[in-house]
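Trainee: Below you'll find the structure I mean.
We did not get these values from a lab; they are worked out from the coordinates using the rules stated. Keep in mind that what you see is a predicted model, and the values were worked out from it rather than measured. Counting neighbours? That spans all protein chains shown, and the Cβs are built from the backbone with ideal geometry, glycine included.
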Amino acid sequence: MAISRMVGASIKRREDPQLVTGTGRYVDDIPQTAVVHMHVVRSTEAHARILAIDTARAKEADGVVAVWSGKELKSEFGAPLPVTDCFVPDKKHPGHYPIAFDKVRYVGEPVAIVLASSRAAAEDAGERIEIRYESLPPVLDIEKALDKDAALLYDELGSNLSYDVKFAGGDIEAAFKEAEVTIKQRLIQQRLIPIAVEGRGVVAEYKTFSNKLTVWSSTQIPHFVKVWLAVILGIPESNVRVVAPDVGGGFGSKIRVYPEEVLTALAARRLGRPVKWIEDRNENLKATHHGRDQIWDVEIAAKRDGTVLGIRPTQWLNLGAYCSQFGTFQVLGVLVAQGAYRMKAFDGRAVGVFTNMTPTDAYRGAGRPEATYLIERVMDLVARETGVDPVEVRRKNFVRAEDQPFTTLLGLTYDSGDYTITLDKALEMVDYAALRREQAEKRKQGKYIGIGLSTYIEICGLGPAAAMQAAIGVSAWGMSVVNVHFTGKATVIIGSSPHGQGHETTYAQVASDVLGIPVQDIDVQHGDTAIGPMGMDTYGSRSTALDGNAVHISAMKVQEKARKIAAHLLEAADEDVVYENGKAFVKGTPSKAVTIQEIAVAAFQTARIPKGMEGGLEATTFFDPTNFVWPFGAHIAVVEVDAETGATKIVRYVAVDDCGTRINPMVVDGQLHGGIAQGIGQALFEEAVYDETGQLRTGSLVDYLVPTASDLPSFELSATITPSPVNPLGTKGIGEAGTIASSVAVINAIVDALAPFGVKDVAMPATPQKVWQLMHRNGGTKR
Ligand code: MCN
């Protein structure tokens, strides 16, 4: 009997028809009667003491229902916003409350809320609130923030330092002693703003007599939001329901419990009426958390033949004004900076510093783009210094296939991977040798093409519960419920909370593959804490490795039960019955079969199932794998730099990625397309800029440059498949790989193009102005 495999099939995403026809249901579409609109009045000062807030005129404005300052709400917060351990449990982080009480620490921090009959009325009334501030010097530079005489964000800490931690392995002194070549380099990860198509938004409804709170939020983490709303507002968790309806992207920016979620819920409780808050784009740019904003200093010890002996990276992180919930997660950058390479010693350090800027937290890749940027720049710096080709430097230092499962100097163990296979394939696709010849030819004509490599690995699939508990302070598992109904159709409930990734399609494929129920007969539900057990939500490209596999396991449990019921119906011994392609039959006699639809009917009729068996066809799984998953790949960017203008054009972009078994190759490619575009955005265009008073100068999408399709080439994608040994489907994550790999491929290509000008590094974003200046800093002289 032919088995129709759904895992591996490029079927179209079932989510898309409604989304592209405008019939999706986002938070702003949630119908509510008698809703009150909330406007958040935000600090216009980067650093100031609040002397007085006069709300009298605002309260008199048309349509206003209530106006509250931070001080008036203070008594209702049972706890500050959550901050997870994330590798640095003993960091300093004075409590961050949803609204400022006495002091403001960044432009955009909430200081008061206005509730009114319409959004316009709430905003107009907000303008009538008079706030008197005593301005304090803004702290805006990570290094200056640590000066002895720097102004302090938190007087009680005595400095602006939150943490200074080391992660080391091997003998770094010995590595430097052995070195024939040493290199020092500073690398900049500029501040980025994650731009989801849909900003954030919250609707909260509170039932006064039953003390029940329902919150609809544009979030990646409904399950976590539920727990924390219960804790902060002192409501029993069983009385809180959080729903993430259609969510228009997040990229990490919706991974935390936000002030506005608490404030909307609080206002709904105070008023006994539904309250709605919808973020506008300007708020989104300054009040939704930012990403990256780090300085990396690295010292490299290498040999003349290109062997890397050891590295000593220091990551300086600009935390912004508060420790954000998963902000310290970015320290992962140091933990995985060894990349795809063997070396003798690693001496890493991460330093977290408070400044008067929007808090930083996870942004697509969180730590891994930084790690990849570092180690892949290291490989190119070594290549440049030793004269060994960048491809050869990588080959020489790669973890070899026979070293797998390889344990890094910091004790992390990779699951599988031969890093030469993706590299070989990518080199073949670009025809590397021919490209180098073309580059030499063109240079003679005054044309500058550059070839940039990125042979990344990443850690994702967060993760094994115990390892996550130890490292992050939060356990994490994959969760699923698979339920085959009386009619033979199925419902799959998942613990992940997709916001663009396509889980409704891919998880239906996983269940269909096991049960043989057509994909269209399987409904995948998510994002509602009332429909299933505690899920661990979506971030860290974890969902497929965790929840996707949980779906597989639940479906297998259901299949096994179905097989037993079938044996009973067929009056055959259990062990003689096999299940394939939606049917159970006696081994060797496929004609003596019952379909899953027939089995489902029987499962709900106790007289037709084996004695002692419980009715129904349902299974629940909490899947806890033995390790994280480690996708890898080779990306190659080919750029041409215009010598007249400094503008960079990406001529070709080739990517070979290995994310193990692919559930849906088309969805995987879609993830890569978006991810690569975001990485190129960082390399060439995007940067959040503040002025010297702490005002965000890139406060609109006119100033903050997000790439559009016309800025990008057509990506040439290919794949190798190395199944992960740590989950039954063999899947690894892919949601962030494109972003992790691409920025450095582009920058390596630009630096390569500018080699004749003696340029060894270009800071991101490599704007035409910056590139032109580098080309002309010696009067345009070539070396
Ligand atoms: N997939 C697959 N085969 C694999 C791996 C993944 O078919 N071997 C499919 C999955 O089933 C899923 C998608 O690819 O449909 C992504 O899966 P996965 O890599 O497990 O990542 P998550 O679903 O956990 O998504 C999180 C990841 C992150 S961390 C960010 S940030 C991100 C991203 O996904 N933000 C996104 N992709 C995004 N895509 C959109 N449209 N919007 C965002 O905000």
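Trainee: Filter the stretch 735-774 for residues that are away from the ligand (no atom under 16 Å from the Cβ) and among the charged types (D, E, K, R) and give the result. Don't jump to the end; show me each part of the working.
Mentor: Of the residues in the stretch 735-774, the ones away from the ligand (no atom under 16 Å from the Cβ) are 744-774.
Scanning the stretch 735-774 gives 752, 760, 761, 770.
Trainee: Then there's this: Here's a check for you: in the stretch 487-503, which residue that is in contact with a strand residue (DSSP E or B) (Cβ under 9 Å, 6 or more places away or on another chain) and over 18 Å from residue 223 (Cα atoms) is farthest from the ligand (Cβ to nearest atom)?
Mentor: Only one residue fits best here, namely 488.
Trainee: Considering only residues of the stretch 280-295 that are in a loop (DSSP other than H, G, I, E, B) and surrounded by 24 or more Cβ atoms within 10 Å (Cβ to Cβ), which is nearest to the chain's Cα centre (by Cα)?
Mentor: Here is the first cut: in the stretch 280-295, the residues in a loop (DSSP other than H, G, I, E, B) are 280, 288-289.
Add one more test, that the residue is surrounded by 24 or more Cβ atoms within 10 Å (Cβ to Cβ), and what stays is 288-289.
Working: 288: 14, 289: 13 Å.
That would be 289.
Trainee: Restrict the check to the stretch 692-711 and report whether at least one residue is more than 30 Å from residue 106 (Cβ to Cβ), touching a residue at least 40 places away in the same chain (Cβ under 8 Å) and either buried (at least 16 other Cβ atoms within 10 Å of the Cβ) or among the acidic types (Asp, Glu) (or both).
Mentor: No, the stretch 692-711 contains no residue that is more than 30 Å from residue 106 (Cβ to Cβ), touching a residue at least 40 places away in the same chain (Cβ under 8 Å) and either buried (at least 16 other Cβ atoms within 10 Å of the Cβ) or among the acidic types (Asp, Glu) (or both).
Trainee: Quick check on the stretch 442-461: of everything there that is in a loop (DSSP other than H, G, I, E, B) and touching a helix residue (DSSP H, G or I) at 6+ places or on another chain (Cβ under 8 Å), which residue is surrounded by the fewest Cβ atoms within 10 Å (Cβ to Cβ)?
Mentor: Step one: of the stretch 442-461, the residues in a loop (DSSP other than H, G, I, E, B) are 445-447, 455-456, 458-459, 461.
Restricting the remaining residues to those that are touching a helix residue (DSSP H, G or I) at 6+ places or on another chain (Cβ under 8 Å) gives 455-456, 458-459, 461.
Details: 455: 30, 456: 29, 458: 32, 459: 24, 461: 31.
Applying the filter and picking the extreme gives 459.
Trainee: Follow-up question, since we're still on this one. Is there a residue in the stretch 406-419 that is of a type in the set (Val, Ile, Thr), surrounded by fewer than 19 Cβ atoms within 10 Å (Cβ to Cβ) and under 30 Å from residue 467 (Cα atoms)? It would help to see each step written out before you state the result.
Mentor: Step one: list which residues in the stretch 406-419 are of a type in the set (Val, Ile, Thr), which gives 407-408, 413.
From the residues that got through so far, the ones that are surrounded by fewer than 19 Cβ atoms within 10 Å (Cβ to Cβ) too are 407, 413.
Still in the running and under 30 Å from residue 467 (Cα atoms): 407, 413.
Yes; the residues of the stretch 406-419 include at least one that is of a type in the set (Val, Ile, Thr), surrounded by fewer than 19 Cβ atoms within 10 Å (Cβ to Cβ) and under 30 Å from residue 467 (Cα atoms).
Trainee: Taking residue 202, is it closer than 21 Å to residue 327 by Cα, part of a strand (DSSP E or B) and in contact (Cβ under 8 Å) with a residue 24 or more places away in the chain? Quick ask: steps written out before the conclusion?
Mentor: Numbers: closer than 21 Å to residue 327 by Cα: no; part of a strand (DSSP E or B): yes; in contact (Cβ under 8 Å) with a residue 24 or more places away in the chain: yes.
No.
Trainee: Of all residues in the stretch 213-251 being free of Cβ contacts under 8 Å to residues at least 40 places away in the same chain and within 14 Å of residue 264 (Cα to Cα), which is nearest to the chain's Cα centre (by Cα)? Can you show your working first?
Mentor: First, pick out the residues of the stretch 213-251 that are free of Cβ contacts under 8 Å to residues at least 40 places away in the same chain: 214, 225, 227, 229-230, 235-239.
Within this subset, residues satisfying the condition of being within 14 Å of residue 264 (Cα to Cα) are 214, 225, 229-230.
Working: 214: 26, 225: 17, 229: 22, 230: 25 Å.
Among those residues, the one meeting the criterion is 225.
Trainee: Tell me the residue from 321, 337, 345 that is touching a residue at least 40 places away in the same chain (Cβ under 8 Å) and crowded, with 24+ Cβ neighbours inside 10 Å, please. Full working, then the answer.
Mentor: Values: 337 fails: touching a residue at least 40 places away in the same chain (Cβ under 8 Å); 345 fails: crowded, with 24+ Cβ neighbours inside 10 Å.
Just one listed residue meets the conditions, 321.
Trainee: Of the numbered conditions (1) more than 27 Å from residue 551 (Cα to Cα); (2) within 16 Å of the ligand (Cβ to nearest atom), residue 663 satisfies every one except a single condition; which is it?
Mentor: If we test residue 663 against (1) more than 27 Å from residue 551 (Cα to Cα); (2) within 16 Å of the ligand (Cβ to nearest atom), just (1) comes out false.
Trainee: Take the stretch 519-558 and flag every residue that is surrounded by fewer than 24 Cβ atoms within 10 Å (Cβ to Cβ) and either polar (S, T, N, Q) or more than 24 Å from residue 215 (Cα to Cα) (or both).
Mentor: 519, 520, 521, 525, 529, 553, 556, 557
Trainee: Let me ask you something else. If the requirement is being touching a residue at least 40 places away in the same chain (Cβ under 8 Å) and not in a helix (DSSP H, G or I), which of these qualifies: 676, 663? Walk me through it before giving the result.
Mentor: On the way: 676 fails: not in a helix (DSSP H, G or I).
Unique residue meeting the criteria: 663.
Trainee: Tell me, which strands (runs of 3 or more DSSP E) lie completely within the stretch 551-626 with 3 or more residues that are under 25 Å from residue 477 (Cα atoms)?
Mentor: Values: elements: 577-580, 583-586, 589-595, 617-623.
Filter on the stretch 551-626 gives 617-623.
Trainee: Among the listed residues 688, 683, identify the single one that is under 18 Å from residue 290 (Cβ atoms), assigned to a helix (DSSP H, G or I) and either in contact with a Gly (Cβ under 7 Å, 6 or more places away or on another chain) or more than 15 Å from the ligand (Cβ to nearest atom) (or both).
Mentor: Testing whether each residue is under 18 Å from residue 290 (Cβ atoms), assigned to a helix (DSSP H, G or I) and either in contact with a Gly (Cβ under 7 Å, 6 or more places away or on another chain) or more than 15 Å from the ligand (Cβ to nearest atom) (or both) leaves just 683.
Trainee: Which residues, counting only those in the stretch 30-65, are of a type in the set (Gly, Ala, Ser), in a strand (DSSP E or B) and surrounded by fewer than 18 Cβ atoms within 10 Å (Cβ to Cβ)? Please lay out each step first, then the result.
Mentor: From the stretch 30-65, those of a type in the set (Gly, Ala, Ser) are 34, 43, 46, 48, 52, 56, 58, 61, 63; that's our starting set.
Restricting the remaining residues to those that are in a strand (DSSP E or B) gives 48, 52.
Correct list: 52 only.
Trainee: Also: In the stretch 715-728, is there at least one residue being among the aliphatic types (A, V, I, L, M), in a loop (DSSP other than H, G, I, E, B) and surrounded by fewer than 18 Cβ atoms within 10 Å (Cβ to Cβ)?
Mentor: Yes, some residue in the stretch 715-728 is among the aliphatic types (A, V, I, L, M), in a loop (DSSP other than H, G, I, E, B) and surrounded by fewer than 18 Cβ atoms within 10 Å (Cβ to Cβ).
Trainee: Continuing with the same structure: Find the residue count for the stretch 644-660, including only residues that are at negative phi and within 14 Å of the ligand (Cβ to nearest atom).
Mentor: So the answer is 3.
Trainee: Same structure, new question: Pull out all pairs, ordered by first then second residue, where Cβ-Cβ is under 6 Å, the residues are six or more apart or on different chains, the first lies in the stretch 489-513 and is under 30 Å from residue 602 (Cβ atoms) and of a type in the set (D, E, K, R), and the second is assigned to a helix (DSSP H, G or I) and more than 6 Å from the ligand (Cβ to nearest atom).
Mentor: Note: pairs meeting the criteria are 489/521.
Trainee: Of 602, 530, 584, 545, which residue is within 16 Å of the ligand (Cβ to nearest atom), in contact with a Lys or Arg (Cβ under 7 Å, 6 or more places away or on another chain) and of a type outside the set (Lys, Arg)? Talk me through it step by step, then tell me what you get.
Mentor: Details: 602 fails: within 16 Å of the ligand (Cβ to nearest atom); 530 fails: within 16 Å of the ligand (Cβ to nearest atom); 584 fails: within 16 Å of the ligand (Cβ to nearest atom).
Sole residue among the options that is within 16 Å of the ligand (Cβ to nearest atom), in contact with a Lys or Arg (Cβ under 7 Å, 6 or more places away or on another chain) and of a type outside the set (Lys, Arg): 545.
Trainee: Looking at 262, 247, 240, which one is over 16 Å from residue 536 (Cα atoms), within 16 Å of the ligand (Cβ to nearest atom), of a type in the set (A, V, I, L, M, F, W, C) and buried (at least 21 other Cβ atoms within 10 Å of the Cβ)? Spell out the reasoning first.
Mentor: Values: 262 fails: within 16 Å of the ligand (Cβ to nearest atom); 240 fails: within 16 Å of the ligand (Cβ to nearest atom).
Sole residue among the options that is over 16 Å from residue 536 (Cα atoms), within 16 Å of the ligand (Cβ to nearest atom), of a type in the set (A, V, I, L, M, F, W, C) and buried (at least 21 other Cβ atoms within 10 Å of the Cβ): 247.
Trainee: Can you confirm whether residue 514 is more than 30 Å from residue 338 (Cα to Cα) and within 16 Å of the ligand (Cβ to nearest atom)? First the steps, then the outcome.
Mentor: Details: more than 30 Å from residue 338 (Cα to Cα): yes; within 16 Å of the ligand (Cβ to nearest atom): yes.
So residue 514 passes the test.
Trainee: Conditions: (1) surrounded by fewer than 23 Cβ atoms within 10 Å (Cβ to Cβ); (2) touching a Ser or Thr at 6+ places or on another chain (Cβ under 8 Å); (3) not aliphatic (A, V, I, L, M). Residue 182 meets all but one. Number of the miss?
Mentor: It fails just one condition, (2).
Trainee: Failed condition for residue 644, given (1) closer than 30 Å to residue 558 by Cβ; (2) free of Cβ contacts under 8 Å to residues at least 24 places away in the same chain, with all others met?
Mentor: Only one criterion in (1) closer than 30 Å to residue 558 by Cβ; (2) free of Cβ contacts under 8 Å to residues at least 24 places away in the same chain is unmet by residue 644, namely (1).
Trainee: Here is a further query. Checking the condition touching a Ser or Thr at 6+ places or on another chain (Cβ under 8 Å), touching a residue at least 12 places away in the same chain (Cβ under 8 Å) and more than 30 Å from residue 595 (Cβ to Cβ), which residue from 38, 6 passes? Walk me through how you get there before you give the answer.
Mentor: On the way: 6 fails: more than 30 Å from residue 595 (Cβ to Cβ).
Being touching a Ser or Thr at 6+ places or on another chain (Cβ under 8 Å), touching a residue at least 12 places away in the same chain (Cβ under 8 Å) and more than 30 Å from residue 595 (Cβ to Cβ) holds for just one of 38, 6, which is 38.
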